[in-house]
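J.: Handing you a structure now.
Taken together, the values in this text are just the output of simple stated rules run on the coordinates, not laboratory data. Owing to the predicted nature of the structure, the values given are computational and were not obtained by experimental measurement. All Cβ positions, glycine included, derive from the backbone under ideal geometry; neighbour counts span all protein chains shown.
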Amino acid sequence: MMLIAAGWIMVLLLGGGIALDRTLTGQITRSFDDQLANLLNGLISSAEIRPEDGEIIFNRTMGDQRLLEPNSGLYWQIRGQGHDDFPSRSLWDRTIDVNIKHVDNDPHAYVSTQFPAEPLRVIERSITLPGSDTVWWFSVAERQSNLDIQISRVRRILLRSFAVLGLGLLGMAALQTWYGLGPLRGVRRAIQRMRSSGSNQVAEPLPLEVQPLVQELNALMAHSQKQAEEARTHAGNLAHALKTPLTVVMNAATAHAPDLADTVIREAAVMRRQVDHHLARARAVGRRAVGQARAKVGESVEAVLRAVTVLYDKARFDLDGDRAAQVAIERQDLDEILGNLIENAAKYGGGSVFVTIDPTADPDWCEIWVEDDGIGIPEEERTRIFDRGARLDTGKPGTGLGLAIVRDVAEIYGGGVELDESEDLGGLLVKLRLPRAG
């Protein structure tokens with residue numbers, strides 16, 4: 001920020017200084033030339049032709065004392081073709097070269113380097129005086145150094161003024177940068193204290209400018225802590241779930257039980273169900289952490305129905321509702337949830353499955369209803385059925401993890417699932433509730 005500010009200050013001061021220098025230099029030069037032009041006009045107005053010989057005479061004396069002092073730096077000269085040059089006493093034995101082959105009806109200013117040690121600023125004009133047919137060239141000159149001294153003095157003042165202005169602006173920019181970034185230094189110190197104290201929130205009051213940053217930081221810390229707690233909980237649950245089957249297998253192997261093979265197969269199936277369940281949760285948590293997920297419910301339901309129809313070709317499936325609804329969940333996780341719900345409805349129902357998308361039209365939440373015409377689930381069993389491995393109908397194949405996975409994955413994305421009785425089909429109604437995609 002300081003480098004950018006310094007760069008812009010230098011560019012603006014340089015551009016402004018050059019523009020102001022040219023303006024003041026031009027103004028001083030014009031003022032210098034105006035003084036010479038006034039002297040030239042006075043010289044012309046004082047000149048007249050002497051009748052006897054046609055030479056120029058003055059009807060009054062020029063008032064500037066420097067015109068009488070040799071080499072004073074201020075000179076005049078009159079030249080006419082066929083006549084001797086008429087110089088001021090200050091020129092002494094010198095004359096100013098004048099090109100008499102052109103005519104200047106208006107005053108013409110230029111710099112003459114005729115005298116190497118004394119460059120001159122010259123203004124000349126061609127005049128035909130009354131009583132004479134001769135074209136006379138009136139010239140007035142002054143040392144160029146007098147003009148250069150004035151310009152140098154103004155440039156020194158200009159340079160000093162802009163230097164002070166530049167330093168002041170740089171100091172102001174530095175002060176503004178230091179003061180403006182002060183809240184960020186406060187956030188850094190708060191994070192250092194938070195790390196050293198073991199806290200997971202920035203609780204101290206900070207300026208309003210950084211409050212959104214502090215809020216996002218606190219939300220990130222809370223999210224990270226929640227993920228860490230979830231990871232610890234999952235690891236503990238998995239370890240606890242595997243501990244009992246491993247103990248059973250270990251005891252059977254130690255005792256050389258005759259049904260060891262059956263025991264290993266049975267307990268391995270239990271462990272596999274547990275591992276599959278926790279892997280599904282882990283995948284959902286990992287995909288949730290990647291970023292803002294988005295999936296179209298209609299496309300996911302149609303894909304699941306095509307797959308389930310192949311397995312249960314005698315069942316009748318109906319789909320209704322807003323197929324364009326979108327939810328904040330990864331498509332793969334949505335397919336897994338809907339696959340479990342629709343497959344359970346086809347497996348345990350009486351042959352009819354009805355899927356409704358977004359029946360409530362809630363602006364923040366999207367609900368997906370899956371209904372079947374089976375015997376349903378008693379109200380007192382609707383909570384227990386979400387436990388891992390819980391099954392009410394053991395006569396059909398399954399692992400008992402379907403609804404548990406549905407509940408856990410939905411909760412990972414901030415949603416939920418609940419069971420009810422279908423009014424239209426009379427069987428089970430599963431209400432899946434997911435956050436709507438913004």
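J.: Using Cβ contacts closer than 10 Å as the measure, can you line up Trp8, Trp76, Trp365 from fewest to most?
T.: Taking fewest neighbouring Cβ atoms as first place, the list is Trp8, Trp365, Trp76.
J.: I would also like to ask the following. Report, in deg cm²/dmol and to the nearest 500, the calculated mean residue ellipticity at 222 nm for the chain, where each DSSP H run with n ≥ 4 adds -39500 (n - 2.57) and the sum is divided by the residue count.
T.: On the way: 8 runs with 217 residues, N = 438.
Only helices count here, giving -17500 deg cm²/dmol.
J.: In debye, nearest 20: dipole of the stretch 2-151 around its Cα centre with unit charges on the Cβ of K, R (+) and D, E (-)?
T.: 460 debye
J.: Next question, about the same structure. Give the calculated FRET efficiency between Asn71 and Thr113 to the nearest 0.05, with a Förster radius of 22 Å applied to their Cβ-Cβ distance.
T.: Once the sixth-power term is evaluated, E becomes 0.85.
J.: So the label point goes 7 Å from the Cα of Ala6 along Cα→C-beta, right? Which residues of the stretch 151-169 then have their backbone N under 17 Å from it?
T.: 163-169
J.: Let me ask another. Using 0.36 nm times the number of residues separating Ile151 and Ala222, minus their current alpha carbon distance, what extension gain do you get?
T.: 18.7 nm is the gain from fully extending Ile151 to Ala222.
J.: What is the packing order of peptides 213-221, 101-109, taking the mean over residues of other C-beta atoms within 10 Å and listing the highest first?
T.: Answer by packing, highest mean first, reads 213-221, 101-109.
J.: Take every DSSP beta bridge with both residues inside the chain and express the antiparallel ones as a percent of the total, to the nearest 5.
T.: Given both bridge residues lie in the chain, the antiparallel proportion sits at roughly 90 percent.
J.: Right, something else. Among 156-162, 418-424, how do they line up by average Cβ neighbours within 10 Å per residue, starting with the highest?
T.: Put in order of decreasing packing, that is 418-424, 156-162.
J.: With +1 on each Lys and Arg Cβ and -1 on each Asp and Glu Cβ, how big is the dipole of the chain about its Cα centre, in debye rounded to the nearest 20?
T.: Details: 48 positive and 59 negative charges, 376 e Å.
Here the size comes out at about 1800 debye.
J.: If one puts a single equal scatterer on every Cα of the chain and applies the Debye formula without solvent, what log₁₀ I(q)/I(0) results at q = 0.12, 0.13 Å⁻¹?
T.: Each listed q maps to, in turn, -1.05, -1.13.
J.: By per-residue mean of other Cβ atoms within 10 Å, what is the highest-first order of 195-206, 113-124? Let's see the in-between values first.
T.: Details: 195-206: 11.7, 113-124: 15.8.
Result, highest mean Cβ count within 10 Å first: 113-124, 195-206.
J.: Give me the dipole magnitude in Debye, nearest 20, for the stretch 92-146 about the Cα centre, with unit charges on the beta carbon: positive for Lys and Arg, negative for Asp and Glu.
T.: Dipole magnitude for the stretch 92-146 comes out near 100 debye.
J.: Further question: What is the calculated FRET efficiency for Asp318 to Ala203, with r their C-beta to C-beta distance and R₀ = 51 Å, to the nearest 0.05?
T.: 0.40
J.: Also, quick follow-up: Taking other Cβ within 10 Å of each residue's Cβ, how do Glu380, Glu302 sort, fewest first?
T.: Neighbour counts put them in this order, fewest first: Glu380, Glu302.
J.: Could you put Tyr348, Tyr110, Tyr75 in order, starting from the residue whose Cβ has the fewest other Cβ atoms within 10 Å?
T.: So the ranking, lowest neighbour count to highest, is Tyr110, Tyr348, Tyr75.
J.: If I model a spin label at Asp424 and Gln332 as a point 7 Å from the Cα along the Cα→Cβ vector, what separation in nanometres do I get?
T.: Taking the simple label geometry, Asp424 and Gln332 are separated by 3.3 nm.
J.: Multiply the residue gap between Asp84 and Ile265 by 0.36 nm, knock off their C-alpha separation, and tell me the result in nm, one decimal place.
T.: Here the answer is 51.6 nm.
J.: Let me ask something additional. With the dipole of the chain worked out from charges on the C-beta (+1 for Lys and Arg, -1 for Asp and Glu) around the Cα centre, which of Thr360, Gly376, Asn59 lies farthest toward the positive end?
T.: Checked the options; the winner is Asn59.
J.: Note the per residue figure in Å³ for the convex hull of the C-alpha positions in the stretch 2-151. Mind showing how you got there, number by number?
T.: Details: hull volume 20.8 nm³, N = 150.
Convex hull of Cα atoms, per residue: 139 Å³.
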